[in-house]
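Trainee: The structure's right below; bear with me while I get my questions together.
The values are calculated or read from the model by the stated rules, or taken from the named source; none is laboratory data. All values reported here derive from a predicted model rather than from experimental measurement. Here the Cβ positions follow ideal geometry from the backbone for every residue, glycine too, while neighbour counts run over all protein chains shown.
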Amino acid sequence: MADEKCADIIQQKQDPSAASLCCEGVLSLGGKRLQGKELTRWEQLEVGYEAFCHCLYQPTREKYFQKAEQWLQDERIKVYAAVEENSLLGMIVLCIQGQQAEIVGISVCPQERHRGVGSWLIEQTMQRYGIKALVAQTDEEAIGFYRKVGFTTKEERVQYGAQSVLRYRCLLVDEP
């Protein structure tokens, strides 16, 4: 699946209103125009699997669609996407409570990584939703990203059944 083209094109014939993914924050990356958009409808979330599957444990379309349904039903959950010419390049899912939020998941298409998309998603969502403290839990593979963005990190052991796994608790505080 990772070999498939990551950025899905929204099909205007399915839902003309879903084609308008582009809107809020804008970032220029290597001459390309990256825009941000909150995803609030099923038609918008439907195209996110290829971008988001990289942060799911044993990803399947069915698992992603189940999660997307849960996100739409929970008013605390916000899904924000990085879009370029109607192609979804990355997305972040947050659970927001007041001025604090937890990253439920963040993922950028593999061919778009190391261009600043992930850090831009974090910056945009903190500004957009007035977040002052952002927490996340991650693994060895992604800890470098969080540290580069400015998160402080702490190792912790988490039990998954009989297996103890090394995870990292990450915290980013927006200080004036």
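Trainee: Residue by residue through the range 143-152, note down the ones that are of a type in the set (A, V, I, L, M, F, W, C) and in contact (Cβ under 8 Å) with a residue 24 or more places away in the chain.
Mentor: Within the range 143-152, I143, F145, V149 qualify.
Yes/no matrix, rows are residues, columns are (1) over 13 Å from the mean Cα position of the chain (by Cα); (2) part of a strand (DSSP E or B); (3) modelled with pLDDT under 95:
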| position | (1), (2), (3) |
| --- | --- |
| R115 | yes, no, yes |
| M126 | no, no, no |
| V135 | yes, yes, no |
| K154 | yes, yes, no |
| V165 | yes, yes, yes |
| E175 | yes, no, yes |
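Trainee: Right, next: Here are the criteria: (1) surrounded by fewer than 13 Cβ atoms within 10 Å (Cβ to Cβ); (2) assigned to a helix (DSSP H, G or I). Tell me which single one E46 does not satisfy.
Mentor: (1)
Trainee: Please count how many residues of the range 90-113 are over 20 Å from I143 (Cα atoms) and in a loop (DSSP other than H, G, I, E, B).
Mentor: Number satisfying all stated conditions: 2.
Trainee: Then there's this: For the range 49-89, which residues satisfy the criterion of being at positive phi and either surrounded by 13 or more Cβ atoms within 10 Å (Cβ to Cβ) or not in a loop (DSSP other than H, G, I, E, B) (or both)?
Mentor: E85, N86
Trainee: For the range 137-152: of the residues being among the small types (G, A, S) and part of a loop (DSSP other than H, G, I, E, B), which is modelled with the highest pLDDT? Can you show your working first?
Mentor: Initial filter on the range 137-152 (among the small types (G, A, S)): 142, 144, 150.
Narrowing further to those that are part of a loop (DSSP other than H, G, I, E, B): 142, 150.
Values: A142: 93, G150: 96.
Selected residue: G150.
Trainee: Would you check if there is a residue in the range 97-107 being of a type outside the set (A, V, I, L, M, F, W, C), in contact with a helix residue (DSSP H, G or I) (Cβ under 9 Å, 6 or more places away or on another chain) and under 28 Å from V47 (Cβ atoms)?
Mentor: Step one: filter the range 97-107 for residues of a type outside the set (A, V, I, L, M, F, W, C), giving 97-100, 102, 105, 107.
Imposing the further condition that a residue be in contact with a helix residue (DSSP H, G or I) (Cβ under 9 Å, 6 or more places away or on another chain) reduces the set to 99, 105, 107.
Subset that is under 28 Å from V47 (Cβ atoms): 105, 107.
Taking every residue of the range 97-107 in turn, at least one turns out to be of a type outside the set (A, V, I, L, M, F, W, C), in contact with a helix residue (DSSP H, G or I) (Cβ under 9 Å, 6 or more places away or on another chain) and under 28 Å from V47 (Cβ atoms).
Trainee: Of the residues D74, D139, which single one is acidic (D, E) and without any contact (Cβ under 8 Å) to a residue 24 or more places away in the chain?
Mentor: Values: D139 fails: without any contact (Cβ under 8 Å) to a residue 24 or more places away in the chain.
Only one candidate qualifies: D74.
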